[in-house]
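K.L.:
Here it is, the structure, as structure tokens.
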Amino acid sequence: MSLALEKDHLRIASVNVNGLRAAYKKGMAEWLEPREVDILCLQEVRAPDAVVNELIGEGWYILHAEAEAKGRAGVAIASRDEPVNTRVGIGEDYFATAGRWVEADYIVRNAAGDASTLTVASAYVHSGEAGSPKQDDKFRFLDVMSTRLPELAKHSDHALVVGDLNVGHTELDNRNWKGNVKRAGFLPEERAYFDRFFGEEIGWKDVHRGLAGNVDGPYTWWSQRGQAFDNDTGWRIDYHLATPAFAAAAVSAVVDRAPSWDTRFSDHAPLVVDYRL
């Protein structure tokens, strides 16, 4: 069965769950059940396959890459309809067991019934730490992403990479950007990769920014410290990156920000985008 046959849009959500078991204990199911999501992409799952399948439940096709390091990373794609192909890993042996990248190919149809292929990737980029081996791994992963994005654009009619990419691209993406220019997540060298992703060289689009316009945020992550959430002192580090034609099909983007600090199921909020093909 093809996606988007029974309604006029395709709803794709992405969220770093900060541990799937913890997220479900804190109410993730109550968020997901009424949200009518067609494709759900998760990061920092931190659980084995059996737990992922049990928690997400019936009615989903689940692709999950567990990290070799227990209790770390892990990414997944859950979809209402079955993908025609799936792949685990970004294509670099160094990251083969890192649990940071999965891809699924779908057949999608527009309102006229015309079919096309859509590749969706769920990605979890390293958080990094300036001047450390963790940062070296982050730059290495972003290097591989720079190669993989053009490959995906050639592979399918449409391609979409979503997830926690752990970089705020511009000053609009970090409420306290002046205090973070030397910290991982807002280093000039990291942001330069996103200049390439969205520039002429690679040519993908930042879907959320395109819909939100020239405004602060909307942020998707807030530190657990102090009053960051209450004061909306956040970072926009969760993305939908799309090839141009698919980005042009995006009609709405919503950050499902919890009403209060104590009602959150993760330190990230889901980013939900509707695409009308």
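FYI, it's all coordinate maths here, none of it is from the lab. Please read these numbers as outputs of a predicted model, since none were measured by experiment. FYI the Cβ positions are ideal-geometry reconstructions off the backbone, even for glycines, and counts take in every protein chain you see.
K.L.:
Quick one: if you stick a label point 7 Å off each Cα along the C-beta vector at Glu33 and Asp143, how many nm between them?
P.N.:
With each label point 7 Å from Cα toward Cβ, the separation is 4.8 nm.
K.L.:
Now, a different point. With a cap of 12 neighbouring Cβ atoms within 10 Å, and only residues DSSP puts in a loop, list the chymotrypsin sites (Phe, Trp or Tyr not before Pro) found in region 169-205.
P.N.:
Qualifying residues, ordered by number: none.
K.L.:
Further question: Starting at the first residue of region 36-47, write each ³J(HN,Hα) from the Karplus equation 6.51 cos²θ - 1.76 cosθ + 1.60 with θ = phi - 60°, in whole Hz, x for Gly and Pro.
P.N.:
6, 7, 8, 10, 10, 10, 10, 10, 6, 5, 6, 7
K.L.:
Tell me what the chain gives for mean residue ellipticity at 222 nm when only DSSP H runs of n ≥ 4 count, each as -39,500 (n - 2.57), the sum divided by the residue total, rounded to 500 deg cm²/dmol.
P.N.:
Theoretical 222 nm ellipticity from helices: -6500 deg cm²/dmol.
K.L.:
Continuing with the same structure: Order 223-232, 88-97, 236-245, 18-27 from most to least packed using the mean count of other Cβ atoms within 10 Å.
P.N.:
The packing order, highest mean first, is 236-245, 18-27, 88-97, 223-232.
K.L.:
Another question, then. Past 25 Å, Cα to Cα, is the threshold; run Lys25/Lys134; Lys25/Lys138; Lys70/Lys182; Lys138/Lys178 against it and keep the listed order.
P.N.:
Lys25/Lys134; Lys25/Lys138; Lys70/Lys182
K.L.:
How do the peptides 42-51, 249-258 rank, highest first, by the average count of neighbouring beta carbon atoms within 10 Å per residue?
P.N.:
So the peptides 42-51, 249-258, ranked by packing, come out 42-51, 249-258.
K.L.:
Describe numerically, in nm with one decimal, the distance between label points set 7 Å from Cα along Cα→Cβ at Val84 and at Lys134.
P.N.:
So the two model labels end up 4.1 nm from each other.
K.L.:
Also: Based on the Cβ-Cβ distance of Thr117 and Glu201, what FRET efficiency does E = 1/(1 + (r/R0)^6) give at R0 = 30 Å, to the nearest 0.05?
P.N.:
With R0 = 30 Å, the Cβ-Cβ based efficiency is 0.80.
K.L.:
Compare the Cα positions of Tyr124, Thr86, Ala76 along the charge dipole of the chain (+1 at Cβ of Lys, Arg; -1 at Cβ of Asp, Glu; about the Cα centre) and return the one farthest towards the positive end.
P.N.:
Tyr124
K.L.:
OK, next. Might you report the magnitude of the Cβ-based charge dipole of region 14-142 about its Cα centre, with Lys and Arg at +1 and Asp and Glu at -1, to the nearest 20 debye?
P.N.:
It comes to approximately 460 debye.
K.L.:
For Lys26, go through the aspartates and glutamates and keep the ones whose alpha-carbon is under 19 Å away, minus same-chain ones fewer than eight residues off.
P.N.:
Leaving aside aspartates and glutamates fewer than 8 places away in the same chain, those within reach of Lys26 are Glu44, Glu54, Asp230, Asp256, Asp262, Asp267.
K.L.:
Another question about this same structure. Can you compute the charge dipole magnitude of the chain about its Cα centre, using +1 on each Lys and Arg Cβ and -1 on each Asp and Glu Cβ, nothing else charged? Give it in debye, rounded to the nearest 20.
P.N.:
The calculation lands at about 620 debye.
K.L.:
Looking at the square roots a ≥ b ≥ c of the eigenvalues of the Cα gyration tensor of region 136-256, which shape do they give, rounded for a/c under 1.5, prolate if a/b is larger than b/c, or oblate?
P.N.:
Taking the square roots of the gyration eigenvalues as a ≥ b ≥ c, region 136-256 is oblate.
K.L.:
Say R0 is 41 Å: what FRET efficiency, to the nearest 0.05, do Thr233 and Val51 get from their beta-carbon distance?
P.N.:
The pair Thr233/Val51 has a calculated efficiency of 0.80.
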